[in-house]
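Undergrad: Submitted below is the structure of interest, expressed as structure tokens.
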Amino acid sequence: MKEELLFGAAYYPEYMPYDRIDTDFAMMKKAGMNVIRVAESTWSTLEPSDGTFDFHYIDLILEKAAAYDLQVIVGTPTYAIPSWMEKEHPEVMVTTAQGRQTYGRRQIMDITDPVFLKYAERVIRTLISHVAEHPCVIGYQIDNETKYYENSSPELHRRFTEHMKQKFGTTDALNRAYGLAYWSNSISDWKDFPDPDGTINAGIAGEYDRFRRHLVTQYLQWQADIVSGYRRPDQFITQNFDFEWKGYSYGVQTDVNHQEASAAVTLAGCDIYHPSQDELTGAEIAFGGDSTRSLKMAPYVTLETEAQAFKEWTPYPGQLRLQAYSHLASGAKGLMYWNWHSIHNSFETYWKGVLSHDLEENPVYHEAEKIGAEWKKIGQERLQITKQNRIALVTDNHSLTALKWFGIDQKTTYNDVVRTVYDSLYELNLECDIVDVNALQTDRYDMILTPALYSATEKTISQLKQFVEKGGVLVSTLRSFVSDDHFSVYADRAPHGLTDVFGMYYQEIAAPGKTMIDGAKAQFMLELLNPAADTVFVSYEHKYWGSYAGITQHAFGSGTAFYIGTYLDKAAMKPVLKKAAQKMRTLPEQYTNPVMKDAQEKFGFPLILRSGVNAEGNKLHYVMNYSEEDMAVRMPYAHVKDLVTGTEYQQGDELKLKDWDVCVLQEL
């Protein structure tokens, strides 16, 4: 594999209205692209009938890729099954709580079905063995945005019952763990274990979701094991992990545990789609990048992102370039667009690619040319960075499920809390890792944040308590440390096990009503915090709730703990996080660099600063203007060079950025 930043697009000549591979590859090279992704969507082309394989498109792509010096990522084509399989074996279609699904869409098969797995293994082995030795093939993507597809078949119910039997041993232990005496749900024989689709018990539903997420882990590992039997040592295995969808990539994925599933890959990958035009902030790029980089604490690749896509995402001039550098600023080793060309029919006709439907050069293509030229000139060894962040934001799929059952409010979700905390850090230029609760290593960090960590084990609580006692800063929000692993609420003062750490406890929750907090309206829920002396950071402003704290700050051991008892928007959240960061053992540069300290209001959104160390061992700073306004700031670093323009700056010099602009500063 060549050591260069990956820059390219997904490519499907099967979708084209006419043969134009040479034209497309010549245009890609002109734009500075060096990689394409193929095959993951085209099982029916590769195997048009049962056992009949046709790889002429693959062979042509590889032949032409070699001629144009393009690298190729080959995807296993298993996320969209051919019609002949469903006709011969309708049992491969996934059965959800609503019944067996009808053929047509992608991702509607049962990834545990033995017939599906038989066919999937055959096509994977046949394809990968066919391409593995080709020098253009640099790696493999296993499946595509894999999930469990709401699988809830009778066979899965049987397997889940067996899982619970192995986990608890006796029905008495099961009944106690989940409080199944409620509404006569307790059982005395495992044959009576109820259908999880109808359960009234959040804990059982949570365990069922966790069990199904683990199916994805097993499935991806199964594919990776097959591919590993053929791949060369220099070829990687990746997967395009995606995020909760809210019209764009929004938050923690509900149906996959990325940390667990990432064990199957050698190179973490993701798909990141985000608002654009006036709504472009870079926050989704940063959130997805920080999440994916943190899976292996190593560079990752953005396997899909938008070029044009929807009408509201067509980028303003400069935005495509800014977005590209933003991926690198999070630690990516490159990006690929979905896709190269716009599709002329079917479901994604107006999810447009780099090229529009006329397949000609256009403004997006010309901006891609600029990206490709700059990346080639500057080089991977200078632009790709690694990070050693001292802040961790903790996420948890299990708590996400819990808060679907026991919601904060109809208008907000677990991911809303996560994103408010993360986006506030982002706008303050406080970089963080995004770490699954089960992978948290507290000794890596000076500050840990737990947004809505509803379900917390005794182990996690003890871990966080020791972290603060030894000098760490802990920031927790409402709905943290409420229940055990079975979603049974702890039977003591909340937050369980940490009342001494936070210097407060609460017994009641309330609707905000007219409550204000620090001049802003409290939102969605109040936890009525009873503070110890000298722990009140901010009290609620209300005739009846005014005696309670809304936010506390407490010194415990050598560290400090903050607790936020209501939902705060970014404007209210940022002062709390800023104060918390000032308590860190290793202070962020905003609080030690004199230029930043004197002009801190300018070193925050829309001016985003993200830093790391490149392969040459030099400190690198990506400075990005997420605004339609020109920006100017005083240079905070002693002596730097802009790798894009070659301009050198001394501390105090004026740094100017145009609208939607970026500069890459290397310390000298």
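The values are calculated or read from the model by the stated rules, or taken from the named source; none is laboratory data. Small disclaimer: the values here were computed from a predicted structure and weren't measured. Because the Cβ atoms are built from the backbone with ideal geometry, glycine has one as well, and the counts that use them run over all protein chains shown.
Undergrad: Identify, by number, the condition in (1) buried (at least 20 other Cβ atoms within 10 Å of the Cβ); (2) modelled with pLDDT of 95 or more that PRO588 doesn't meet.
TA: That leaves (2) as the condition not met.
Undergrad: Among LYS333, LYS296, LYS311, which is the only one that is among the basic types (Lys, Arg), touching a strand residue (DSSP E or B) at 6+ places or on another chain (Cβ under 7 Å) and at pLDDT 95 or above?
TA: Testing whether each residue is among the basic types (Lys, Arg), touching a strand residue (DSSP E or B) at 6+ places or on another chain (Cβ under 7 Å) and at pLDDT 95 or above leaves just LYS333.
Undergrad: Failed condition for GLY353, given (1) among the small types (Gly, Ala, Ser); (2) at pLDDT below 95; (3) surrounded by 21 or more Cβ atoms within 10 Å (Cβ to Cβ), with all others met?
TA: Exception for GLY353: condition (2).
Undergrad: So which residues in region 596-619 are surrounded by fewer than 17 Cβ atoms within 10 Å (Cβ to Cβ), of a type outside the set (S, T, N, Q) and assigned to a helix (DSSP H, G or I)?
TA: LYS597, ASP598, GLU601, LYS602
Undergrad: Can you pull out the strands (runs of 3 or more DSSP E) entirely within region 234-323 that have at least 1 residues that are touching a residue at least 12 places away in the same chain (Cβ under 8 Å) and acidic (Asp, Glu)?
TA: 269-272, 300-305
Undergrad: Sticking with this one: Can you spot a residue in region 579-597 that is of a type in the set (Asp, Glu) and either within 26 Å of VAL473 (Cβ to Cβ) or in contact with a strand residue (DSSP E or B) (Cβ under 6 Å, 6 or more places away or on another chain) (or both)?
TA: Yes, region 579-597 contains at least one residue that is of a type in the set (Asp, Glu) and either within 26 Å of VAL473 (Cβ to Cβ) or in contact with a strand residue (DSSP E or B) (Cβ under 6 Å, 6 or more places away or on another chain) (or both).
Undergrad: With the condition kept exactly as written, say whether any residue in region 11-24 is at pLDDT 95 or above, touching a helix residue (DSSP H, G or I) at 6+ places or on another chain (Cβ under 7 Å), part of a helix (DSSP H, G or I) and closer than 25 Å to GLY372 by Cβ.
TA: Checked region 11-24: at least one residue is at pLDDT 95 or above, touching a helix residue (DSSP H, G or I) at 6+ places or on another chain (Cβ under 7 Å), part of a helix (DSSP H, G or I) and closer than 25 Å to GLY372 by Cβ.
Undergrad: Something else: Determine whether region 623-646 contains at least one residue that is within 24 Å of the chain's Cα centre (by Cα), assigned to a strand (DSSP E or B) and of a type in the set (A, V, I, L, M, F, W, C).
TA: yes
Undergrad: Before we move on, is TYR325 outside the structural domain of ASN625 (by TED's automatic domain parsing), surrounded by 22 or more Cβ atoms within 10 Å (Cβ to Cβ) and of a type in the set (Ser, Thr, Tyr)?
TA: yes
Undergrad: Return the residues of region 536-594 that are of a type in the set (Val, Ile, Thr) and either at positive phi or part of a strand (DSSP E or B) (or both); say none if nothing qualifies.
TA: Answer for region 536-594, where residues must be of a type in the set (Val, Ile, Thr) and either at positive phi or part of a strand (DSSP E or B) (or both): VAL536, VAL538, ILE551, THR552, THR560, ILE564, THR566.
Per-residue answers, yes or no, for (1) under 24 Å from the mean Cα position of the chain (by Cα); (2) within 24 Å of GLU369 (Cβ to Cβ); (3) at pLDDT 95 or above:
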| residue | (1), (2), (3) |
| --- | --- |
| ASP54 | no, no, yes |
| GLU63 | no, no, yes |
| GLN71 | no, yes, yes |
| GLY75 | yes, no, yes |
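Undergrad: Could you identify the single residue in THR450, THR412, THR442 that is farther than 21 Å from ARG585 by Cα and either in contact with an Asp or Glu (Cβ under 6 Å, 6 or more places away or on another chain) or β-branched (Val, Ile, Thr) (or both)?
TA: THR412
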